[in-house]
Structures are given as C-alpha cells and as structure tokens.
Amino acid sequence: MFSTTLRKLRAARLALLLTLFFACSGEAAPILYIVRIPLVLGEEAQAVLPDGKTIPLGKVAALPTSSRWPGYTASKWAPPGSVAASAVNAVHLTLSVEKEKGRTVSILPRHTVAPAAGEQSFIALDSPAGTGFFGGWAPPVATPVLVRRNDGALVPLEERGLPREGDTLIFEVSESESPYLIDIENRPGGRVLGWYESGPRLLARVIRPLKGVGRFGGTEFQNIGRIRANHSGVIDVSTTPRGVVGGFQILPFLHSKSQEMSSAWQLTQWLIIASPTDRPLPGTAPLFSSNLVPGSQMTDVLWDMWSTYGRKPLVLCRRGGGAWQRLPEASGRNDSALGDLTHLRIYSPFTEEPQKGFVPGTGK
C-alpha cells in the first residue's frame, strides 16, 4: 500500500517536472520529446511528448554496477553529462572527463554486443537493436541527461557519477539548427558543404577519400544508406541490408591519428576529413554533434508522418560523377567496393514538413 502510494507521488512529481521542462525550453532549441529510463528492473522506459502522450521503449533488463574508465577515445569530446554516441546497438553517455579520457556508462538493446560498453557498465532495455531508443527515438550526440533521484531532486548526470538503482535518467531531446543536407566531394581537398536555408557553409575538407567498405559491428542492425552510428568522432554508414555486416566511416583528422584508429590510414573504408579552421572537428555540430541519429526503421512510428519520415537520415552517392543514387550494397571487407564513388550526400533528420507555412504563388 505504502509503496504504491510512493510510486504515485513520484510519478506525479515527475509529470510536473516534465511540464516545466517543455514550458521553459522556448529560449533554447525547443524540446521535441523527453525520454525517461527508470533504473528499476522490469520498469518501462518511455518517450514523453509535449502533450503528455507516452510511447513505450522497452523494459529495463539490466543495471550497471560500475562505470567504464577509460572509455573509447571519442567519449572525451562529448560534454560531461550528455550523450556521447547514438547508434543502433548502443547509446553511450559521458559521465565525466578525467585525465583527458572519458568515463562512460552505456545503454544497450538486449541480446546485442557493443565493444565500447564495459562488462558491468551498461543498462539494458528489452527492445530490438535499431528500433525505439536505438532507432527513431534515439537522442543525438550532446543531448543533456538529467537524473531524478529517489528523493525527487533533479540534477545533471555528471554531478552524480554512476546512476544508482531507483534513479531515473531523463533525456531532453531537441532539434538544433542543422543543414538540411551535407554534400561531400570524395577526393583529396574535396569540400564538405552544409546546405542551410541561408546558403552553403564549408564544414570540412577531405584529407583521404573513401574507396572500400569494412566489417563494422552494428551495421547488421541497419539498412543500406542509413546511419549506423554517430558519435563525437565518427559517422558510421551501413552499406548492407539488416542482417548483413558492412559499411564505412567518416572520421575527423584528429581522431584518425589516435591509437584506436591506427588502421584508418592503411585501409580504404574510412573517409578522413579536416576542419577548414583552427577549431578541431571532433565533438562539433553538425557532423559530430547535435544532428545525426540512427533513425526510424521497421515498426518505429513517431508523432506524425513528417517526424517518422524525416528522422530517418538517408545517405546517397554519385558514382563516376553521375546522377545521385542510393548506395550500392557491399558487405564484409571489400577494399574497392566504392572505388568509383565521387560524391556523398547525407540528409539531416527533420521533424516538420519542408517549407511549412509556404503559400504557393506568394513567394512567402
């Protein structure tokens, strides 16, 4: 009786907090939805829309007993207390950066393997890889994470370190200003252009072009020409249908020089790009923060047609300078599968009808 009443009081307090989140988000990027993951075995993770509607994202099947330090190299480029990687087979969180290395905890779909997650440092959701929290409802890199404690207090994740049993993780998912598409010229010195409403912006330059594909784990949970993963040091693209392994990665120059990526300069399945300014690329939007997500597939249905369709980033290509087309299917390691690829195009996620409010014939 007492425990039931206590749960109801906590639920009411959380509902009030969520109402305040949505109401106070006007000055920053508007919050699209909130994800809450209760750290209680058997409890349901949920996405919460501004109108209060909830969408189940799977039950909690495992809890962490430790964090991982040092985490994978790029975790240090994510803000402490935020999403460090968003992928079909894992969402990694950076708790803190210590001695220039990230401390992480991960959220995984059940029955999958994510090498970047430690053996005891993950939360598992009983949901399929590539769907729900690992698909259409995935949070982009740098999404802030809050912790609602047992006593009802709400604090940033990094102030608590490893979340404790009974806490609730809260992700405030927003949509920042991003280019509607990103074009890459696949040649040394080629431009990486972001196309915004105001016009193109030079985002990066190609240092080493792409020629092949490789066996990147997790691509078996994504479809051809879709984002497998994005973190503060990589864009991972699948070139195979679900159930088959194969894809390529886009790396910032700084990360390509790390020990973890020592093969990137010898093999052909990496496209290496560099900043056009003195500012390093890792952890910066729109390539390595605040934009790309794995996207909806299979049974994922979001809050309307445009969000379901738009939060599914598509990757196209040009071969031999020809017309835009879908990526060719290429699996396993194939060093020359993309040898004639001259251009890549990545569409950013979006949630509203393009040119919404446009009145035909008025120019407005």
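The values are calculated or read from the model by the stated rules, or taken from the named source; none is laboratory data. None of the values given here were measured: they were computed from a predicted structure. Here the Cβ positions follow ideal geometry from the backbone for every residue, glycine too, while neighbour counts run over all protein chains shown.
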Check V145 against each of (1) in a strand (DSSP E or B); (2) out of contact with any helix residue (DSSP H, G or I) (no Cβ under 8 Å at 6 or more places or on another chain) and name the one condition it does not meet.
(2)
Let me spell it out: the conditions are (1) closer than 21 Å to H92 by Cβ; (2) buried (at least 22 other Cβ atoms within 10 Å of the Cβ); (3) in contact with a Pro (Cβ under 9 Å, 6 or more places away or on another chain), and P280 meets all of them except one. Which number is the exception?
(2)
Quick check on L157: is it of a type in the set (A, V, I, L, M, F, W, C), buried (at least 19 other Cβ atoms within 10 Å of the Cβ) and not assigned by TED's automatic domain parsing to the domain that holds S106?
no
Scan the range 338-355 and tell me whether some residue there is assigned to a loop (DSSP other than H, G, I, E, B), modelled with pLDDT of 95 or more and on the phi > 0 side of the Ramachandran plot.
no
Exactly one condition in (1) part of a loop (DSSP other than H, G, I, E, B); (2) more than 16 Å from the chain's Cα centre (by Cα); (3) not hydroxyl-bearing (S, T, Y); (4) not assigned by TED's automatic domain parsing to the domain that holds G322 is not met by P188; state its number.
(4)
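Checking the conditions here, which among L154, L169 is aliphatic (A, V, I, L, M), farther than 21 Å from V315 by Cβ and under 21 Å from the mean Cα position of the chain (by Cα)?
L169
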Failed criterion for F216 (all others in (1) farther than 18 Å from L93 by Cα; (2) surrounded by fewer than 21 Cβ atoms within 10 Å (Cβ to Cβ); (3) in contact (Cβ under 8 Å) with a residue 24 or more places away in the chain hold)
(2)
From the list Q259, Q269, Q325, which residue is over 19 Å from G132 (Cα atoms) and in contact with a Phe, Trp or Tyr (Cβ under 6 Å, 6 or more places away or on another chain)?
Q269
If the requirement is being on the phi < 0 side of the Ramachandran plot and assigned to a helix (DSSP H, G or I), which of these qualifies: E158, E119, E172, E165?
E158
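Every residue in the range 219-252 that is out of contact with any helix residue (DSSP H, G or I) (no Cβ under 7 Å at 6 or more places or on another chain), charged (D, E, K, R) and touching a residue at least 40 places away in the same chain (Cβ under 8 Å), please. I'd like the intermediate steps shown before the answer.
Here is the first cut: in the range 219-252, the residues out of contact with any helix residue (DSSP H, G or I) (no Cβ under 7 Å at 6 or more places or on another chain) are 219-227, 229-230, 235-237, 239, 241, 248-250, 252.
From what's left, charged (D, E, K, R): 220, 226, 236.
Scanning the range 219-252 gives R226, D236.
Can you tell me which of L314, L327, L341 is within 30 Å of L49 (Cβ to Cβ), of a type in the set (A, V, I, L, M, F, W, C), touching a residue at least 24 places away in the same chain (Cβ under 8 Å) and touching a strand residue (DSSP E or B) at 6+ places or on another chain (Cβ under 7 Å)? Walk me through how you get there before you give the answer.
Working: L327 fails: within 30 Å of L49 (Cβ to Cβ); L341 fails: within 30 Å of L49 (Cβ to Cβ).
Matching residue, one of L314, L327, L341: L314.
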Does V155 fit the bill of being without any contact (Cβ under 8 Å) to a residue 12 or more places away in the chain and under 23 Å from S75 (Cα atoms)?
yes
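Looking only at the range 65-74, which residues are within 16 Å of E158 (Cα to Cα), touching a strand residue (DSSP E or B) at 6+ places or on another chain (Cβ under 6 Å) and not in a strand (DSSP E or B)?
Restricting attention to the range 65-74, the residues satisfying the condition of being within 16 Å of E158 (Cα to Cα) are 66-71.
Now narrow it down to the ones that are touching a strand residue (DSSP E or B) at 6+ places or on another chain (Cβ under 6 Å): 67-71.
Residues satisfying the conditions are S67, W69, P70, G71.
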Restricting the search to the range 129-154, which residues are farther than 19 Å from T94 by Cβ and surrounded by 20 or more Cβ atoms within 10 Å (Cβ to Cβ)?
A129, G130, T131, G132, G135, G136, W137, R148
